[in-house]
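Nothing in this text is a laboratory measurement; each read-out follows from the coordinates by a stated rule. Note that the coordinates shown come from a computational prediction; the quantities given were computed from them, not determined experimentally. Here the Cβ positions follow ideal geometry from the backbone for every residue, glycine too, while neighbour counts run over all protein chains shown.
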Amino acid sequence: MQIDCKFSYPASSNIRTVYLKEVTVKFIALLKKVNVLLSAFAILFQINAVQAADKLVITGSSTIAPLAAEIGKRFEKLNPDVRVDVQTGGSSRGVSDARSGLADIGMASRALKAEENDLKSFTIALDGVGLILHKDNPVKTLSDQQVIDIYTGKITNWKQVGGKDVRITVVNKAEGRSTLELFLHYYKLKNSDIKPQVVIGDNQQGIKTVAGNPGAIGYVSIGTAEFDAGNGVPIKLLPLNGVVASVENVRNGSFPLSRLLNLVTKTAPQGLAKRFIAFASSKNVDDIVEAQYFVPLSRK
Amino acid sequence: MFRSHANKSYADDILRLALMSAAVVAVGILLLILLFLLRESWPALQRIGLYRFVADAGWHPLEGAFNLAPMLIATLAVALGAILIAGPIGIASAVFGQFYAPPMIAASFKRMVALLAGIPSVVFGLWGLTVLVPIIAKWQPPGAGLLAGMLILAFMILPTVALTADAALKAVPDQYLRGANALGISQAGLIFNVMIPAARSGIIGGILLATARALGETMAVLMVAGNVVQVPNSLFDPVRVLTANIALEMAYATTEHRATLFVSGLALMLLVVALAAMAGKLGGRLHG
């Protein structure tokens, strides 16, 4: 029965003590090693802290924040001595933080108002929202009032707006989403006015819901919808006031259900802030912009 | 002899210590989660008060309305529906596998059920969204709703019910079977009057396990249930469950809105704890 024994101890009555002692000694040695490692880490972090003295604070719109954070990550990779700190709190906070100097750069998902004209704003991308229907739905266009009536539950059948006798399925976005915010703002609605049959999270879920239901109407980011409609998904984008819903029309500013994503500074940006803004509006971040379903700027 | 005995006692001590720390960690994590949920939802509980979470006009956190009750009801309704569908089917499939299927078929049948258990929930959701919901929509638009949620959940928990019922039936002592056969009971009588009653505590344990999974399931239900916050009037009404509420809104929620989502989480946790307590009581009674 001794074969299984991996350790051998002196056969005395205080085996236990010996064993414990051995373990304790080993443990203390381990602690010492860990301690050395920790102090090495501490030195590393100190160096890091010294190097990261260049910190850029960006606050504001929760729509832009995820985009700014991704751009910030890439900016940090290119400039290892810089830290970009992105915080959300809404466009108004972005503007007021930029003005008060609490933030180096503010984020605002709208154009500056008249009383904010003393600040400088730089557009880094555009955001457009398009209404989508199932491809087999014969309805070609809806007026703003018809869209409002459909979303508030006054119109419940497609034949009331010139379509087939099919019940309308209203697809709405979950609270807090920027597409919802833009949609409500454009049609001057409150979210509690809307009587949805389906509430969705992201754009893909919206597209799949509409693609699977010939009576559905929804709204999603134009970039995604255009891509999917062009790749055989049975949905179509509705024009708005006669303007075709396309990335192109969002970019040239003619599509009404769209907005600017702006970075805001108090004075003409200097140094680090200037470099970041130049980077954020350059071609180098177009892939990040598209990955978040926003529309990149047009550049000559 | 002495040496090996001494070694064994160390082994015992070490094992005891290891098991004890594992147990402490398990309980500690649960307590930490509960504390964390309480801490995060405390601002909302304090400012809004418990009463408004069941009395407000609706769920519009950005407009100051925080009624969680419809979601609580929807969560229970979806889970209950799923159990009512998956329970009988699961038990029936276990009985089939144990008593009727030829051994070859029984083995491959069991393997298929186990495979069903391994399908990720988001795949169920995707299938539900692109296949099941359009089918229901043709019959009763919009399709996404209570029924779709129940069906998807039923598919997901079916393997849990079937496999635990199978194990419970297998664990019934052989002499019951032999005794019943000696008395000349019919096959149906044997199954319904002897085997199932003898295995019932295992079967019910499996059903409770499945219920807990149904209550906690997020992605699949989120994709097919419609997510409208309301108390359903029919099987086809869209509903939102508590987990879906958190998943839908957490990514963009700030301050008070965020805290109210933690209240949803707390409510769900209390629901599951209540269920577990009920299971404990039920189990105790069945064994006693």
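Brief remarks follow.
- Estimated translational diffusion coefficient (Stokes-Einstein, Kirkwood radius over Cα pairs, 4 °C, 1.567 mPa s) of segment A:228-300: 89 µm² per second.
- Remark: B:127, B:42, B:139 ranked as B:139, B:42, B:127, counting other beta-carbon atoms within 10 Å and listing the fewest first.
- Sum of side-chain charges, residue A:118 neighbourhood, beta-carbon under 10 Å (Lys, Arg +1; Asp, Glu -1): +1
- Take the convex hull of the alpha carbons in chain B; its mean projected area over all directions comes to 22.3 nm².
- For segment A:170-283, radius of gyration divided by Kirkwood radius, i.e. Rg to Rh on alpha-carbons: 1.05
- Against chain B, whose longest principal axis is taken from its Cα atoms, helix B:146-170 shows a tilt of about 20°.
- Size of electric dipole in segment B:158-288: Cβ of Lys, Arg +1 and of Asp, Glu -1, about Cα centre, debye, nearest 20: 400 debye
- Segment B:70-81 - phi-based ³J(HN,Hα) in whole Hz, Karplus 6.51/-1.76/1.60, Gly and Pro as x: x, 6, 5, 5, 4, 4, 5, 5, 5, 5, 5, x
- Taking the empirical scaling 2.2 N^0.38 Å for compact globular proteins as reference, segment B:52-200 has a Cα radius of gyration ratio of 1.41.
- Using only side-chain charges placed at the Cβ, +1 for Lys and Arg and -1 for Asp and Glu, the dipole size of the protein assembly as shown relative to its Cα centre rounds to 880 debye.
- Those trypsin sites (Lys or Arg not before Pro) in segment A:54-151 that DSSP places in a loop and that have at most 12 other beta carbons within 10 Å: A:113, A:140
- Estimated vicinal HN-Hα couplings, Hz - segment A:172-185 in sequence order (Karplus 6.51, -1.76, 1.60; Gly, Pro = x): 10, 8, 6, 4, x, 6, 6, 5, 4, 4, 5, 4, 4, 5
- Residue ranges B:59-70, B:156-167 sort as B:156-167, B:59-70 when ordered by packing (mean number of other C-beta atoms within 10 Å per residue, highest first).
- Shielding by partners for peptide A:194-204, expressed as the average number of C-beta atoms from other protein chains within 10 Å of each residue's C-beta, is 6.
- Residues whose amide H lies under 5 Å from that of residue A:220, counting only those 5 or more places away or on a different chain, are A:130, A:132; hydrogens are built 1.01 Å from N in the peptide plane.
- D_trans [Stokes-Einstein, Kirkwood Rh over alpha-carbon pairs] for segment B:77-145, 4 °C, 1.567 mPa s, µm² s⁻¹: 91 µm²/s
- Tail weight of P(r) past 19 Å, computed on alpha-carbon pairs of segment B:129-284, percent: 66 percent
- Rg and Dmax of the protein assembly as shown, both derived from C-alpha coordinates alone, stand at 30.8, 98 Å.
- Peptide-level mean, for A:171-179, of C-beta atoms on other protein chains within 10 Å: 5
- Among B:99, A:255, the ranking by other beta carbons within 10 Å of each residue's beta carbon, starting with the fewest, stands as B:99, A:255.
- Along the axis of the charge dipole computed for segment B:197-288 (Cβ charges of +1 for Lys and Arg, -1 for Asp and Glu, origin at the Cα centre), the listed residues B:233, B:267, B:244 are led at the positive end by B:267.
- Using a cutoff of 8 angstrom between alpha carbon atoms and counting only pairs six or more residues apart, the relative contact order for chain B works out to 26 percent.
- Shape summary of segment B:198-288, radius of gyration then Dmax from alpha carbon positions: 16.3, 53 Å.
- Taken along its principal axes, the alpha carbon cloud of segment B:127-189 reaches lengths of 56, 21, 16 Å, longest axis first.
- Amide H contacts of residue A:200 (H built 1.01 Å from N, under 5 Å, at least 5 apart or other chain): A:172, A:173, A:174
- P(r) weight above 17 Å for segment A:125-176, C-alpha pairs, percent: 38 percent
- Residues of segment B:146-173 with amide N under 20 Å of the 7 Å Cα→Cβ point at residue B:89: B:146-167
- By the count of neighbouring beta-carbon atoms within 10 Å, fewest first, A:185, A:134, B:257 end up ordered A:185, B:257, A:134.
- Karplus 3J(HN,Hα) series, Hz, for segment B:31-44 with 6.51 cos²θ - 1.76 cosθ + 1.60 (x for Gly, Pro): 5, 4, 4, 4, 4, 4, 4, 5, 5, 6, 8, 4, x, 6
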